[in-house]
Amino acid sequence: MGLLLPLVLCSLAACCTASSEPLSPFLSRSCNDTDVLAVGSFALQDINSDQKEGYVLSLNRVRDVHEHRQAGLGSVFYLTLDVLQTECHVLSKKAWKDCKVRMFHEQTYGQCKAIFYINKPRRVLHSLAYNCTLRPVPRRKVQFMCPDCPSPSDLSEPRVLEAVTESLAKYNSESASKQYSLFKVTRATSQWVFGPSYFVEYLIQESPCTKSQDSACVLQLPDSGPVGLCTGGLSKMNLKKYVSVTCNFFESQAPTPGGENSANQGPANLPKVEEPQQQNTEPTHSLSKAVSRGSVQYLPDVGDEQPEDSQEKPPVEAFPVQLDLTTNPQGEAVDVSSLFLGPMSEKLVVLPFPKEQDSAECPGPTKNANPLVLLP
Ligand SMILES: *[C@@H]1O[C@H](CO)[C@@H](O)[C@H](O)[C@H]1NC(C)=O
Ligand SMILES: *[C@@H]1O[C@H](CO)[C@@H](O)[C@H](O)[C@H]1NC(C)=O
């Protein structure tokens, strides 16, 4: 990643001398540029590490990119990313590149927009804002392509809970000492294989119960959080039950000292941005840690919302992602001094999120070109 800056600077120099579009404040970039892909990757990593719930998102393609060069040495990128859900829980803190994308029939896909600030010399990589919208692949289409594939189940269904209970009991009975209890069910599907089969994913927490206390024990640790993600299965055939379970533990559940564990958590392999010593007690208005930088919104299956006979309605945008820090066409100054080490003041100009695509080389190539997960 150390190669990134020379590339950025070279392409900047090339663009500035060409001065092709004097009216646009943006530099035209290709969605297949190595450095654009790297910036997209950092931005998504930052979005993932900001989440407390759900699964890690992976980059399927860069749909659109605009770079706005700042007066300092940095740039603000306006990115539109097509994303796919992976099998890693966000609490695992795994890099999206290390996570397996889900199979098409159980895929959840969508789009993220991010306003991302990068200043390589000062070692700053920071999402100023983001928003994502995701939906599951339409069930009707999956059933058409793969009638026997598992289909989603309601997480509160008794048989889902039975699969959770049975698989966790199996895990606990095989565990040498520590016992675990259910924290939350995160996913469930069912399928008919010689009988009903349920497949579940759930977060577990450490249980203070000992093995001998068994299922009668209902003790809870005071503030125990999830420590891992289990995938379990329960199939029934005649009167026989088949139970399977695998649990993966998160690497670090320990909160970072000081409790500021999300705002500056950049990509793992980059130099950490350090907190400046706050001299005054006034909070920095624009980059306050308390302010949410964005959210990941999950919408239902499109097919559930729009029955087939409602074709007369105007087409609604299936993946609406709104992201605007300002509506002022001249832009607005955002104070990012708190991202820098030491007493320096740095302001960025943030523009309304560009609506028009201005590069012919966008969208970039897709990693997964299955039409089911390809946004229109
Ligand atoms: C992110 O989306 C939500 C609604 O989904 C919206 O209220 C919010 O303003 C958006 N954030 C920005 C910075 O535009
Ligand atoms: C993207 O770039 C790679 C090499 O950098 C190239 O092999 C590939 O053909 C390009 N794809 C598109 C769609 O331009």
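The values are calculated or read from the model by the stated rules, or taken from the named source; none is laboratory data. Small disclaimer: the values here were computed from a predicted structure and weren't measured. Note: ideal-geometry Cβ built from the backbone for every residue, glycine included; neighbour counts use all protein chains shown. To get the accessible areas, we keep the full protein, side chains included, count just its heavy atoms, and leave off ligands, DNA and RNA. Shrake-Rupley method; radii C 1.70, N 1.55, O 1.52, S 1.80 Å.
Remarks
- A Förster distance of 25 Å, applied to the separation of the beta-carbon atoms of LEU374 and ASP324, puts the FRET efficiency at 0.45.
- Each Lys or Arg adds one and each Asp or Glu subtracts one; over the other residues with Cβ under 12 Å from the Cβ of GLU332, this totals -1.
- Largest first, the residues SER173, SER92 sort by 1.4 Å accessible area into SER173, SER92.
- Accessible area (Å², 1.4 Å probe, nearest 10) - LYS184: 80
- Residue-count net charge about GLU67 - beta-carbon cut-off 12 Å; Lys, Arg +1, Asp, Glu -1: -2
- A crude spin-label estimate for the pair PHE144 and GLU53, with each label 7 Å from Cα along the Cβ direction, gives 3.2 nm.
- Computed label-point distance, nm, for sites LEU239 and PHE194 using a 7 Å Cα→Cβ extension: 1.7
- For the residue pairs LYS120/LYS184; LYS100/LYS178; LYS94/LYS241; LYS97/LYS211; LYS241/LYS367; LYS97/LYS241, the alpha carbons lie more than 31 Å apart in LYS120/LYS184; LYS94/LYS241; LYS97/LYS211; LYS241/LYS367; LYS97/LYS241.
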